[in-house]
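Dropping the structure in here first, questions after.
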Amino acid sequence: MAPGTAMAFMVTGGVTSNPAAMGVRALVRRDVSFSDLIIGLGAEFLAGYGFHLWVEFLMRI
């Protein structure tokens, strides 16, 4: 598994797990929990891709 992929899985685990999603849904409205999921997945893509680029940059030095 690529390092960026592993970082993406680690970042998004707390956002997309069922217990965490149900806990957020119990505390806030539906649109807020949906935006939490969308923002979390967006952060996952950015963190995974950014970490992958950072590792690739360090390997070339």
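How big is D, in µm² s⁻¹, for the chain by Stokes-Einstein at 4 °C and 1.567 mPa s if Rh is the Kirkwood radius over C-alpha pairs?
The Stokes-Einstein estimate is 104 µm²/s.
Compute the long axis of helix 3-16 from its Cα atoms, compare it with the longest principal axis of the Cα atoms of the chain, and write down the angle in degrees, 0 to 90, nearest 10.
10
Fully extended, how many nm does the chain gain between L37 and L53 (0.36 nm per residue separation, minus their Cα-Cα distance)?
Difference between extended and current length: 3.3 nm.
Right, another one. Helix 18-27 versus the longest principal axis of the chain: what angle, 0 to 90°, nearest 10, using Cα atoms?
Rounded to the nearest ten degrees, it is 50.
Every number in this text was worked out from the coordinates using simple rules, so none of it is lab data. Worth saying up front: this structure is predicted, and the values here are computed from it rather than measured.
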